[in-house]
1. List the pairs from K57/K165; K178/K200; K57/K198; K113/K187; K304/K331; K173/K329 whose alpha-carbon separation is above 28 Å, in the order I gave them.
2. Can you put H151, H414 in order, fewest other beta carbons within 10 Å first?
3. Quick one: net charge of T71's neighbours, Cβ under 12 Å, K/R +1, D/E -1?
4. Evaluate the charge dipole of the range 184-311 about its Cα centre and quote only its size in Debye, nearest 20, assuming +1 on the Cβ of each Lys and Arg and -1 on the Cβ of each Asp and Glu.
5. What spacing in nm lies between the two simple spin-label points modelled at W260 and A328, each 7 Å away from Cα in the Cβ direction?
6. According to the square roots a ≥ b ≥ c of the eigenvalues of the Cα gyration tensor, what is the shape class of the range 50-137, taking rounded for a/c under 1.5, prolate for a/b larger than b/c otherwise, and oblate for the remainder?
7. Rounded to the nearest 20 debye, what is the charge dipole size of the chain about its Cα centre when +1 sits on each Lys and Arg Cβ and -1 on each Asp and Glu Cβ?
8. Name the GluC sites (Glu not before Pro) in the range 48-138 that are in a loop by DSSP and that have at most 11 other C-beta atoms within 10 Å, would you?
Amino acid sequence: MAATDLERISNAEPEPRSLSLGGHVGFDSLPDQLVSKSVTQGFSFNILCVGETGIGKSTLMNTLFNTTFETEEASHHEDCVRLRPQTYDLQESNVHLKLTIVDAVGFGDQINKDDSYRPIVDYIDAQFENYLQEELKIRRSLFDYHDTRIHVCLYFITPTGHSLKSLDLVTMKKLDSKVNIIPIIAKADTISKSELHKFKIKIMGELVSNGVQIYQFPTDDEAVAEINAVMNAHLPFAVVGSTEEVKVGNKLVRARQYPWGVVQVENENHCDFVKLREMLIRVNMEDLREQTHSRHYELYRRCKLEEMGFQDSDGDSQPFSLQETYEAKRKEFLSELQRKEEEMRQMFVNKVKETELELKEKERELHEKFEHLKRIHQEEKRKVEEKRRELEEETNAFNCRKAAMEALQSQALHATSQQPLRKDKDKKKAGGWSSIYSVTIP
Ligand code: GTP
Ligand code: MG
């Protein structure tokens, strides 16, 4: 036998022996002590409502808790889905409930709905992260910590009577490992009884074929196993919400009044509102809280701690050392940092080289352009020079012609100014002015 096996056997705890008591001791009051402590501490319950704008989320919440929560109507023009939590202190008998209702405002209103689920997933994770951070604190105070983790997601399905929209399937698929989903058909008074029956079957079929895990009411506790099993078969609940009171017989009941009749919210022949209230509040509220902590939060915590380098030691291996993990993580982080730095440096060098090449290419192009322009300029200059020479020659020729003309003109003028003088002499010779004219003019 190996040494470790021997060690394990010797370390194994002995089975505790059963003894009977001689009389009443008092530890049978432990459950009562627990109840009393919990009641003093109060409870928190957080509901996430996901459904299209105006599907009846606020009305259903008001109907469920028989009060009026202050809510604003959402517009249909939100750019993206926004989570709006509101917390209320409620009291019933001596039990205090800190209720948070989180509305997914603007859900289904965007043209591109690809990422509609993301803000919802991020919100759920952020609440888990807050809780984990509190747990990891040296001085943690989980006792009075306001737990904001989502305990249930009421998914409001539009009563189309056809099938689930792809947005519904994608969103529920993304949420099912993070939160307890209870799908409900909203405004069930707008769909006929036979259509509703077929619609329910269709929805459940689609959820199963797409592998969407919805919350199943637990059947392991004998006290509620039967009712829960029956209710599981009724999912998704078809609900009607109303805060209006209508007189039916001699009783005032919450209902929706139509010209053809009255839909009573709490009448099980009219809708499944009572079933939802029973399952959500009166029977399974604690299981929803439990499941959130032991299943969904546990999954988140495990992934996060593994990411941080924590690991469980099995029986054979050395116990897990936080110091070693820290050192290993630090080394890993530093080498990652170095790698990133080197990568960035290389990227920078490459960028500089690329820019240099680009600049050189630009310079060469500019130089070519300059040379080209220079050649054009020289050609133009040469042409202008030629033109100038031609013009000069023309001007010279013109000037020569002009000078010749002027010379001719002056000669002609000179000649005409000489003619009267000669005529004068001739007249004198002829003896009178009239005889001159008659003689000289041909
Ligand atoms: P936003 O918060 O603006 O997204 O709306 P909402 O989902 O909270 O819906 P809200 O409860 O404000 O209801 C919108 C309208 O639907 C109101 O006129 C309600 O009276 C009506 N309504 C609510 N529940 C039901 C229902 O079960 N059946 C019918 N027919 N109408 C309902
Ligand atoms: Mg609302």
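1. Working: K57/K165 18 Å; K178/K200 24 Å; K57/K198 23 Å; K113/K187 23 Å; K304/K331 19 Å; K173/K329 33 Å.
Over 28 Å Cα-Cα: K173/K329.
2. On the way: H151 24, H414 9.
Arranged by neighbour count, lowest to highest, H151, H414 become H414, H151.
3. Details: positive: K57, R84; negative: E70, E72, E73, D103.
Taking every other residue near T71 into account, the sum is -2.
4. Numbers: 17 positive and 19 negative charges, 111 e Å.
Computed charge dipole of the range 184-311: roughly 540 debye.
5. Placing both labels 7 Å beyond Cα along the Cβ direction yields 6.9 nm.
6. Values: a/c = 3.15, a/b = 1.16, b/c = 2.70.
The shape class here is oblate.
7. Working: 62 positive and 75 negative charges, 883 e Å.
In total the dipole reaches around 4240 debye.
8. Working: sites: E52, E70, E72, E73, E78, E92, E129, E134, E135; in loops: E52, E70, E72, E73, E78.
Qualifying residues, ordered by number: E70, E72, E73.
Values in this text are rule-based calculations from the coordinates and carry no lab data. Please read these numbers as outputs of a predicted model, since none were measured by experiment. As a convention, Cβ positions derive from the backbone with ideal geometry for all residues, glycine included, and neighbour counts pool all protein chains shown.
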